[in-house]
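Presented below is the structure to which this report refers.
Nothing in this text is a laboratory measurement; each read-out follows from the coordinates by a stated rule. Predicted model, so just to flag it, every value in this text is computed and none were measured. Every residue, glycine as well, gets a Cβ built from its backbone with ideal geometry; the counts of neighbours run over all protein chains shown.
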Amino acid sequence: MQQTSREGLVRAIGHWSLAALIVNCIIGSGVFGLPSVLAGLLGRASVLAVLLAAAAMGVIMACVAEVASRFAETGGPYLYAREAFGRFMGIQVAWLVWFVRMTASAANANLFVTYVGEFWAQATRPIPKALILTLLIGVLAAINFRGVRAGTHVSNAFTAAKVGALGLVCVAGVIYLAATHHMISQAHVWPGANAWERAMVLLVFAYGGFEAALVSAGEAKDPRRDMPFGLFAALVTCAVIYGLIQWVVVAVLPDPGHSVRPLADVARIVMGHGGAALIAAGALFSTYGYLSGNMLATPRVTFALAERGDFPSFFGKVHPRFRTPYVSILVFAVLVWLFAWFGSFAGNATLSAGSRLFYYGVICAAVPVLRRKKNTLAVFELPGGNATAFVISGLGVLICAGLLTRIEYNKSLILVAAVAVALLNWLAVRGRQTAG
């Protein structure tokens, strides 16, 4: 007999599927270009930066893990902020999460079309592009419309494909370096503080995106236990992949900081011309996998808002047969298509930078607040008692605040729009009785 949440959704996402979904929501297309940017900023030290960023994100994820282990309903960061700081903050966080995931998905859909252009030159022309975007987004929407199990299976398959492709490059690179006794070719120059700051901002966002998976707690079999496991498993997986890739890129390429396609260049050296084709296919898998993870998770944000009376009620409709939030899924799919067709990467990047750090900071700050409220017990708790938890929570807030000061907010109209719409949303519902 299938288990359902109080919201009427099917609990079908298991222990490992949740971890795979989190990995899928973290690793997108950026991994195929980021190594060269990091190498250009930090040179050899970029490998160390990857590990330091993992440690910084580990502090944030530890706070998120405790908070997430208190909730079994759909909503993720929106629900955490609402419970800890009230309706206004919850709605602000919800809109920022939704906009970030929607625009990031649109950007990846655009990149998918670009990668297809490597195999079919006509792909980027208007009519072929429209057809590709429609097929790309429409298939994922249809799969997730028909049931969370199917969406989970697709997410798992693409996670395995992208991790497999990236892992093959790592293994081939390590074997090549061992066989040739190749040393890192760059001269060692310790980078300045500005370069470190820029690199750490880029890396924190490379490790981000996990919040999308948290939203789907209402469809996880045991979310209070599985969310902490999934977060830490995904962090370790991504740190190993990112670290090995960065090391291989810096060690194999003679001038990694100026490589346009660093992983393809590495693959060409260590595996021949077939390796470059493999990486192009891997980029398609990674991009489509990222989209599949977000198509599964992100529509649950508007569903959660509607469930608690903070959004029009029809967004909370559950399909009577498939038990999926079909209205939220269809609206999200249409908006991703439109943003992919009309949107710009500059706006997407600015929105992601500012808002993601903001709601990570809010979740870290929620740790001591929710401990005091004691509305629900945490299945996972930060070690060392309340004093240590307060220190870890404060450190997470400081990390987010420090990185926020290093972001350039030019072309941030879309961020202002997201905050303004959230404010209007709150004004519209503040007098309405809360539903949860």
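Taking a point 7 Å from the Cα of Leu135 along the Cα-to-Cβ direction, the residues of the range 70-110 with backbone N closer than 16 Å to it are 109-110.
The calculated FRET efficiency for Leu395 paired with Ala428, based on their beta-carbon distance and R0 = 35 Å, is about 0.45.
Axis of helix 273-297 versus longest Cα principal axis of the chain: the two differ by about 10°, to the nearest ten degrees. A straight line joining the Cα centroids of the range 43-108 and the range 17-39 runs 15 Å.
Working note: Karplus 6.51/-1.76/1.60 with θ = phi - 60° gives the range 233-247 the couplings 5, 5, 4, 5, 4, 5, 5, 5, 5, 4, x, 5, 4, 4, 4 Hz, where Gly and Pro are set to x.
Counting only alpha carbon atoms, the long axis of helix 193-206 and the longest principal axis of the chain meet at about 60°. Isolated cysteines of the chain, defined as having no other cysteine beta carbon under 4.7 Å away, are Cys25, Cys170, Cys238, Cys400. For the chain, which span is the longest to avoid every loop-located (per DSSP) member of chymotrypsin sites (Phe, Trp or Tyr not before Pro) having at most 12 other Cβ atoms inside 10 Å? The segment 121-408 is the longest one with no such site.
Shape descriptor for the chain: Rg over Rh equals 0.96 (Cα atoms; Rh from the Kirkwood inverse mean 1/r).
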